[in-house]
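**Student:** Sending over a structure as structure tokens; questions will come in a sec.
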Amino acid sequence: VDAFQAWCGPCKTVMDLFRKIRNEVGSDLLHFAVAEVDSIDALEKYKGKCEPVFLFYAGGELVAVVRGANAPLLQKTILEQL
């Protein structure tokens, strides 16, 4: 989940990386979403941050968090979680 605030928008640069990885591993294993933290109470703790925050869930549980648009770390985290 790309958690963003309305004033800075979702991280468009990383979306291309997500599409590439999803094409490589298949859509059955991997799902991406964007969430505006200003409108979701459960994500309130991520408000006020100017960096993007990427949340990784498995089985309904938060399993990893990556702060910032660090493409190599995002790719590594995605592959490790799969």
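**Student:** Which residue, chosen from Asn70, Asn23, Phe56, occupies the Cα position most advanced towards the positive end of the dipole of the chain, where the dipole is computed from +1 (Lys, Arg) and -1 (Asp, Glu) charges on Cβ about the Cα centre?
**Tutor:** Looking along the dipole axis, the top candidate is Asn70.
**Student:** Mind checking Rg over Rh on the chain, alpha carbons, Kirkwood formula for Rh?
**Tutor:** Ratio of gyration radius to Kirkwood radius for the chain: 0.94.
**Student:** Given a 1.4 angstrom probe, what's the average accessible area per residue across the chain, in square angstrom?
**Tutor:** Each residue of the chain exposes 64 Å² on average to a 1.4 Å probe.
**Student:** Output the peptides 19-25, 53-59, 1-7 sorted from most to least packed, where packing is the average of other Cβ atoms within 10 Å over each peptide's residues.
**Tutor:** 1-7, 53-59, 19-25
**Student:** Rounded to a whole number, what % of the accessible area of the chain do carbon and sulfur atoms account for, probe 1.4 Å?
**Tutor:** 51
**Student:** Here's something else I'd like to know. Determine the gain in length on full extension of the stretch Ala6-Val63; use 0.36 nm per residue of separation and subtract their C-alpha separation, reporting nm with one decimal.
**Tutor:** Between Ala6 and Val63, full extension yields an extra 18.0 nm.
**Student:** With θ taken as phi - 60° and the coefficients 6.51, -1.76 and 1.60, list the Karplus ³J(HN,Hα) couplings across the stretch 54-70 in order, rounded to whole Hz; mark glycine and proline as x.
**Tutor:** Once rounded to whole Hz, the list reads 10, 10, 10, 10, 9, x, x, 10, 5, 10, 7, 9, 10, 9, x, 8, 9.
The values are calculated or read from the model by the stated rules, or taken from the named source; none is laboratory data. Everything numeric here is computed off the predicted structure, so don't read it as measured data. For neighbour counting, all protein chains shown are included, and Cβ atoms are generated from backbone atoms with ideal geometry for every residue, glycine included. Just the protein is used for accessible areas: all its heavy atoms, side chains included, with ligands, DNA and RNA removed. Shrake-Rupley method; radii C 1.70, N 1.55, O 1.52, S 1.80 Å.
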